[in-house]
1. If each DSSP helix of 4+ residues adds -39,500 (n - 2.57) and the sum is divided by the residues in the chain, what number results at 222 nm, nearest 500 deg cm²/dmol?
2. Using only protein heavy atoms and a 1.4 Å probe, report how much of TYR79 is accessible, in Å² to the nearest 10.
3. Could you check the simple spin-label distance between LYS29 and SER44, using points 7 Å along Cα→Cβ, in nm with one decimal?
4. If you work out Rg and Dmax of the Cα atoms in Å from the coordinates, which of (i) 14.4, 52; (ii) 12.6, 38; (iii) 15.0, 47 do you get?
5. Please compute the per residue accessible area over segment 35-86 with all protein chains in place, 1.4 Å probe, rounded to a whole number of Å².
6. Per the 1.4 Å probe, what fraction of the accessible area of the chain, in percent, lies on carbon and sulfur atoms?
7. Please report the relative contact order for segment 14-77, taking Cα pairs under 8 Å with a sequence separation of at least 6, and give it as a percent rounded to a whole number.
Amino acid sequence: MDVNILGIIAGFLTSVSMIPQLVKVIREKNVEDISLLMLLVLISGLSLWVWYGFEKDELPIILSNSFAVLVNISLLICYIMFNKKE
């Protein structure tokens, strides 16, 4: 298998992995089981991968991790909107 295809498939699967969680949170409007710290660390790590992708000029890394950042920022926004703890 071509290594670029492998990278694209891996990036795609990683990028879409949080979409089911995002859909569940939006449907149920419940974020009790979501860890804010996990989201912040994940967004930070993914953002660093995007930066790394730009440094290495690797489009699959840039695209897949940029999409994952957007999905997880959406989840963070939901966390802020639906968090009932005061």
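The values are calculated or read from the model by the stated rules, or taken from the named source; none is laboratory data. The model shown is predicted, which means the values in this text are computed figures rather than measured ones. Because the Cβ atoms are built from the backbone with ideal geometry, glycine has one as well, and the counts that use them run over all protein chains shown. Note: areas computed on protein heavy atoms with side chains; ligands, DNA, RNA excluded. Shrake-Rupley method; radii C 1.70, N 1.55, O 1.52, S 1.80 Å.
1. -27000 deg cm²/dmol
2. Taking all protein chains as shown, TYR79 has close to 30 Å².
3. Calculated label separation equals 3.2 nm.
4. The value computed from this structure is option (i).
5. Using a 1.4 Å probe on heavy atoms only, each residue of segment 35-86 averages 70 Å².
6. 67
7. Over segment 14-77, the number comes to 47 percent.
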